[in-house]
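Structure record follows, encoded as structure tokens.
The values are calculated or read from the model by the stated rules, or taken from the named source; none is laboratory data. For clarity, every value in this text was computed on a predicted model and none was experimentally measured. Here the Cβ is made from the backbone with ideal geometry for all residues, glycine too, and neighbour counts use every protein chain on show.
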Amino acid sequence: MPIDPDFQLHRRAEAYGNLKVWKNDSSRLGIYGTDVAVDFDLCVGDGACIDVCPVNVFEWQGEGADRKALPALERDCIYCFGCEAVCPKFAIRVTPLVRR
Ligand code: SF4
């Protein structure tokens, strides 16, 4: 199952540094970020998004099997949608119209 494209309607947001993390009763880790959102419950940490992003939005978080791609600099996103296209788990949702 891919990331819920309407996660902002279906989940509650908590602050996570400069980002938000979106959770509901069925999420374990949650969705990190808003404009560039990564579902950490789906992310397998293969790094495809990190490799493809032309403006280095993502950074690694965690170690080993728990390693995830955090959209730490989502405000720098240029909306090329490369990360969405390469993610093998469809764990990423980019939403250009939502600004905070
Ligand atoms: S849409 Fe493009 S610029 Fe934005 S985070 Fe994804 S790969 Fe990077």
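What the table below lists for this structure:
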| read-out | value |
| --- | --- |
| Qualifying residue in the range 4-25 (condition: touching a strand residue (DSSP E or B) at 6+ places or on another chain (Cβ under 7 Å) and on the phi > 0 side of the Ramachandran plot) | no |
| Top-ranked residue in the range 49-81 [being buried (at least 19 other Cβ atoms within 10 Å of the Cβ) and among the small types (Gly, Ala, Ser); ranked as nearest to residue 28 (Cα to Cα)] | 69 |
| Index of the failed condition, residue 68 passing every other in (1) under 19 Å from residue 20 (Cβ atoms); (2) over 12 Å from the mean Cα position of the chain (by Cα); (3) of a type outside the set (Asp, Glu) | (2) |
| Any chance residue 44 is of a type in the set (Val, Ile, Thr) and exposed (fewer than 12 other Cβ atoms within 10 Å of the Cβ) | no |
| Residue in the range 79-93 that is among the aliphatic types (A, V, I, L, M), within 14 Å of the ligand (Cβ to nearest atom), without any contact (Cβ under 8 Å) to a residue 60 or more places away in the chain and under 21 Å from residue 18 (Cβ atoms) present | no |
| Residue match in the range 78-92 (condition: of a type outside the set (Ser, Thr, Tyr), modelled with pLDDT under 95 and over 12 Å from the mean Cα position of the chain (by Cα)) | no |
| Boolean, residue 38 is part of a strand (DSSP E or B), crowded, with 19+ Cβ neighbours inside 10 Å and in contact (Cβ under 8 Å) with a residue 12 or more places away in the chain | yes |
| Test: residue in the range 20-32 that is touching a Lys or Arg at 6+ places or on another chain (Cβ under 6 Å), closer than 16 Å to residue 2 by Cβ and either touching a residue at least 40 places away in the same chain (Cβ under 8 Å) or within 16 Å of the ligand (Cβ to nearest atom) (or both) | no |
